[in-house]
Structure formats: C-alpha cells, structure tokens
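Quick one: the structure is below, questions incoming.
The values are calculated or read from the model by the stated rules, or taken from the named source; none is laboratory data. As the structure is a prediction and not an experimental result, all values here were calculated from the model. Using ideal geometry, Cβ is built from the backbone for each residue, glycine included, and neighbour counts are taken over all protein chains shown.
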Amino acid sequence: MSIELETLLEATLFGAGRSMNIEQLAEDLEQQMLDIRVALLSLQSTLKRRKGGALQLAEINGRWAIEVKPKVAAQMPCNTKTDIPAKLLKSASLIAFHQPMLQSRLVELLGQKTYDHVKQLVFLGLVERRKMGNTKRLTTTRRFSEIFGCPHTDKRKVRAWFRSQAAGLGLTEGGSERPMALQEEQTELPLEGEEEPFEGLAERASEHQETLFEVDAEEDSPSQTAQDAINQ
C-alpha cells in the first residue's frame, strides 16, 4: 500500500521528536528536495485547517518540526513535556532573558561550552541563530515557549515573561550585587520591528568578538521548567 508523502513526513517528524531540515528528510525518505518542500507546505496547511488539532508544523531557521500549539502546551502537565539536558538550561534561559542576544556575549558569560550548547539548542528547535557580523544573533522559537510553558510566542512577550519569572524568584534583586548574567544589558539589540540603523547593529556585533574560556565538562540530566532553567 502506497502512503502519501505528506503522511510520511508527519509520521517522520512526529517520531523524530526534533527538528529536521529538507536535506535530511529527502535523504531519509529517498525523495527529491523539491517534493519534500511542497509536501511540507501542504502538511503545514493541513494541520492548520485541522479542527481542534493540538499540533502544528513549524519552520525554524530552515528546520521543520511538529510541535504542540502554544495555547495547548500551556495547559499540558509538566511530566508530558519534552525533556532537555540540564546543561543547556543556563544558555537557554540567558538567551530568553536577553534576546535578541549575540552569541559572542553569551560566550563571554558562559565560556567555550556556549558553542556546543547553542548548536544543540538549534538542533532541538529551541533557538534561532542568524549571522550578524562576526557572530550570531540568538532568539527563542515557538518550540521554546512550548517546552518552557511560556504562554507567549512573540519574542518581546517571551523576554518579558522570562524576566518576570526570574524576578519572582528574587534573582534580579540586589542591584549591582545580583549576577551579571541577570542584569539587563545597557546596549540590548532590538527585536524585529524595533528599528535600528544597520551600521549600529554591525558596530555592536563587531564589539563582541568570540572569546574562548576553558570550562569544566558538565553532566547531562533532564529538566524542562523555566524555574529550573533560571536556577541553573
């Protein structure tokens, strides 16, 4: 019995539990990339029209993932949500707190391990990474909101929500005595819709050259809540 490509894609992405790019899907399913892209767009439309459906197909920085709709994810029990390694939580929470955040700034705060952490966060579909000058511009994705139980997907609202979570835990109190990583940056990058001349963005990016630090390896252990992320 022949199964439609759209159905195979839905099953593949659901079973994988992670984001995949068109090249990977084409190779795994032995299909042409153009056919994969057309089927993905069709599947995206199908899921959007599906009455009462809990899932959606999202494209995140060139990678595709089946994810729970944010309004549904906000009401899911915590023990049903995807686990992510505990070692990634600090990087994830700082990106959410400061977004959009330069990767070079994250390296300054956390050290060389940042490069691997960001790659894994992008692979999991939690973070979007775009080139900016000599570094990368990092922001959260809709899947991030799903995993961390954030009721918002708009990046400004996600940032505000994450900061309110940190404030609720008393982590932003103490003025200059609080951790540097949880102090709001004086030169925050604008989010989409917040205009700034290109020259200004390029200057900020060039100010933060990639800095390398030696760090101890960390053990993997699963966790998933915003509070756990902030407390790391």
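What are the residues in region 17-43 that are touching a residue at least 12 places away in the same chain (Cβ under 8 Å) and over 20 Å from the mean Cα position of the chain (by Cα), if any?
Correct list: LEU25, ASP28, LEU29, GLN31, ASP35, ILE36, ARG37, ALA39, LEU40, SER42, LEU43.
Could we say that MET101 is of a type in the set (A, V, I, L, M, F, W, C), at pLDDT 90 or above and under 18 Å from THR153 (Cα atoms) here?
Spelling it out, MET101 is indeed of a type in the set (A, V, I, L, M, F, W, C), at pLDDT 90 or above and under 18 Å from THR153 (Cα atoms).
Looking at (1) modelled with pLDDT of 85 or more; (2) of a type in the set (D, E, K, R); (3) buried (at least 18 other Cβ atoms within 10 Å of the Cβ), which one does ARG142 not meet, given that it meets all the others?
(1)
Name the single residue, out of those in region 5-20 being modelled with pLDDT under 90 and at negative phi, that is surrounded by the most Cβ atoms within 10 Å (Cβ to Cβ).
Top of the filtered list is SER19.
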